[in-house]
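Accompanying notes for the structure given below.
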Amino acid sequence: MAGCKAVRPLMSTDFNEAHRRVIGLYRAFYRYIPYIEYFYRNACVTDIRVIDMLVMKGYMEYKEVDHMWQQKGHVIAHWKPSAEIKPQDFIGKFLAGID
């Protein structure tokens, strides 16, 4: 195979080991913060090197949060803003006091 290049794994040698590291990071975050969306956003990743990179970044972020190097605004920025739906019809706008 002329076009393929063998790469060394970052930390994990197989998918099961990478999965074990991800679950360990998830549990560490879960103990500290009740709900994190990172794990669900990257659930479809199957490349072991990418999984290892995400786990390392996650541990770095966890350490920043744990040692309070990240301020409250940085931590809250991970959640999607909960905006209220603005009324679209005349009655809704009238009751809300919007012109």
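The values are calculated or read from the model by the stated rules, or taken from the named source; none is laboratory data. Computed from a predicted structure; not experimentally measured. A quick note on method: Cβ atoms are made from the backbone with ideal geometry, for glycine too, and the neighbour counts reach across all protein chains shown.
In the range 30-51, the qualifying residues are those that are surrounded by 15 or more Cβ atoms within 10 Å (Cβ to Cβ), under 10 Å from the mean Cα position of the chain (by Cα) and in a helix (DSSP H, G or I), and the one that is modelled with the highest pLDDT is Phe39. Only a single criterion out of (1) in a helix (DSSP H, G or I); (2) at pLDDT below 75 is not satisfied by Val55, namely (2).
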